[in-house]
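The block underneath contains the structure these notes are about, expressed in structure tokens.
The values are calculated or read from the model by the stated rules, or taken from the named source; none is laboratory data. Because the structure is a prediction, the values reported are computed rather than measured. Here the Cβ positions follow ideal geometry from the backbone for every residue, glycine too, while neighbour counts run over all protein chains shown. Each accessible area value is taken on the protein alone, full model and side chains, heavy atoms only, with ligands, DNA and RNA left out. Shrake-Rupley method; radii C 1.70, N 1.55, O 1.52, S 1.80 Å.
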Protein chains: 2
Amino acid sequence: MTYCLALKVNRGLVFASDSRTNAGVDYVATYSKMRRYCWPGERVCVLMTSGSLATSQAVMNAINRDLNDPDAEFSLRHGKQLYEVAQYIGKLSQAEQTLHEKAMEKSNASAESNFILGGQIAGQAAEIFHIYPQGNFISASEDTPYLQIGETKYGKPILDRIIAKTTTLEDAARCAMVSLDSTIRSNISVGPPIELAMYQDDSLDEPFHHTYTLNSPMYKSMKKQWTDGLHRAFEQLPRFDWEKVKADEPAGE
Amino acid sequence: MTYCLALKVNRGLVFASDSRTNAGVDYVATYSKMRRYCWPGERVCVLMTSGSLATSQAVMNAINRDLNDPDAEFSLRHGKQLYEVAQYIGKLSQAEQTLHEKAMEKSNASAESNFILGGQIAGQAAEIFHIYPQGNFISASEDTPYLQIGETKYGKPILDRIIAKTTTLEDAARCAMVSLDSTIRSNISVGPPIELAMYQDDSLDEPFHHTYTLNSPMYKSMKKQWTDGLHRAFEQLPRFDWEKVKADEPAGE
């Protein structure tokens with residue numbers, strides 16, 4: 001399984017992904033699920049993927065093939081709007097899946113992959129898209145400014161409680177790390193390291209990017225302070241009526 | 001959908017359930033998913049259910065039929081150990097599902113139900129069981145002292161961070177309410193009111209029981225304080241390196 005998350009706030013975009021893949025419980029491996037492409041001043045794309053690793057890798061390979069082919073009909077450098085790039089990735093994904101459709105049906109398996117594409121093209125607004133296995137896609141909304149793929153449920157409550165359009169880029173990044181960490185704690189098929197990318201709107205430059213292992217001081221400190229903070233929040237929850245009565249009883253009487 | 005949760009801590013048991021059922025998005029209704037049975041001094045059973053409402057209601061009806069039949073082979077009042085009651089409920093559930101098996105297959109639908117059974121029989125330890133649609137069941141473990149059925153993922157991270165065997169009964173109840181509330185916020189198929197039951201070990205008496213609507217002062221206050229506490233915890237998370245540099249720069253220089 002996998003968990004990838006993209007947030008779109010007023011100041012920019014945040015991307016976060018885990019690094020665990022598994023085919024059954026007896027084949028677990030670590031793969032990066034985030035690719036960054038940048039042509040400074042021109043365009044920036046970040047791509048994350050969940051689902052069939054074979055399909056995901058084939059799409060990445062096709063992207064590189066087209067980038068290196070000056071005669072390619074379309075590539076990550078084409079398109080005036082980011083949604084055209086999303087369409088292109090949807091087509092690559094569909095083409096790859098169609099190739100193995102019959103064999104996959106025979107094995108009763110799925111070659112489906114989901115993608116999150118985010119970034120900015122000069123002169124356009126920064127955007128994020130969730131590209132479905134069927135090749136169609138959606139963007140995030142004003143009210144729910146995030147997109148998730150993979151094992152999405154464990155990490156959703158914290159996003160619903162914290163994230164708004166007005167959240168700062170750094171707070172959005174911290175919230176993404178908490179959302180990933182909650183998922184890692186509750187589901188063994190999602191695992192560290194956590195990759196984090198932050199893109200500042202209109203910078204049209206390499207996003208900040210860092211990989212946090214369990215031993216990274218920032219990740220360790222964040223985990224500890226979040227756990228401590230949650231316990232403090234929990235201790236401050238209201239008492240039930242009969243607990244109040246107990247607490248009001250004078251000692252020794 | 002549904003979310004039901006049972007916790008087994010050193011001092012007793014906590015049960016919590018939501019009240020929303022839906023058959024598609026255009027038929028949403030409110031049903032209690034928790035039944036309590038108590039014979040003071042003798043035995044206490046709490047039963048919660050998710051899945052097919054038809055199967056769940058049929059099992060509840062069969063339980064009442066057997067309780068009212070002095071010649072019944074088995075009923076909730078029979079069995080010296082609680083696992084025998086779990087076996088009995090598994091059998092009722094299987095019998096009901098078998099009755100409609102062919103018709104359900106034709107409609108490509110499922111009549112499966114999951115149950116959580118908890119309680120205590122005089123002279124035995126208090127226990128909780130998750131009874132699967134197949135009729136078999138598991139109990140909670142020392143390390144993971146809770147069981148969930150229905151829409152379980154959204155509410156799991158808070159349990160994994162807070163709950164241990166040594167948690168007090170009241171804290172376990174508060175944590176159950178937070179777990180339910182997180183699920184209600186993130187998934188529209190789980191909805192209020194929240195039913196809560198608390199059973200103190202060896203009391204062999206009616207569990208404390210309360211239904212919290214969105215307007216209940218305790219639920220309102222808990223929601224607010226939890227949201228506030230989470231925001232405080234979030235604000236105290238460590239800064240990224242470059243944020244520290246910014247904060248350290250003397251003003252006006």
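Things to note:
- Where strands (runs of 3 or more DSSP E) fall entirely within segment A:143-253, none has at least 1 residues that are at the interface with chain B (Cβ under 10 Å from one of its Cβ atoms) and of a type in the set (Asp, Glu).
So that you can scan it fast, the table gives a plain yes or no per residue for (1) surrounded by 13 or more Cβ atoms within 10 Å (Cβ to Cβ); (2) in a loop (DSSP other than H, G, I, E, B); (3) in contact (Cβ under 8 Å) with a residue 60 or more places away in the chain:
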| position | (1), (2), (3) |
| --- | --- |
| B:29 | no, no, no |
| B:36 | yes, no, yes |
| B:61 | no, no, no |
| B:71 | no, yes, no |
| B:96 | yes, no, no |
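Per-residue answers, yes or no, for (1) exposed (fewer than 15 other Cβ atoms within 10 Å of the Cβ); (2) modelled with pLDDT of 95 or more; (3) more than 25 Å from residue A:206 (Cα to Cα):
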| position | (1), (2), (3) |
| --- | --- |
| A:84 | yes, yes, no |
| A:110 | yes, no, yes |
| A:124 | yes, yes, no |
| A:135 | no, yes, yes |
| A:151 | no, no, yes |
| A:167 | no, yes, no |
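- Those residues of segment B:226-247 which are loosely packed, with under 12 Cβ neighbours inside 10 Å and either under 11 Å from residue A:161 (Cβ atoms) or basic (Lys, Arg) (or both), in sequence order: B:244, B:246
- Per-region count, segment B:175-202, residues surrounded by fewer than 19 Cβ atoms within 10 Å (Cβ to Cβ), of a type outside the set (D, E, K, R) and free of Cβ contacts under 8 Å to residues at least 60 places away in the same chain: 1
- Within segment A:206-235, tally of residues that are more than 20 Å from the chain's Cα centre (by Cα) and under 28 Å from residue A:125 (Cβ atoms): 0
- Residue in segment B:47-57 that is open to solvent by 10 Å² or more (accessible area, probe 1.4 Å), farther than 28 Å from residue B:100 by Cα, outside any loop (DSSP other than H, G, I, E, B) and not β-branched (Val, Ile, Thr) present: no
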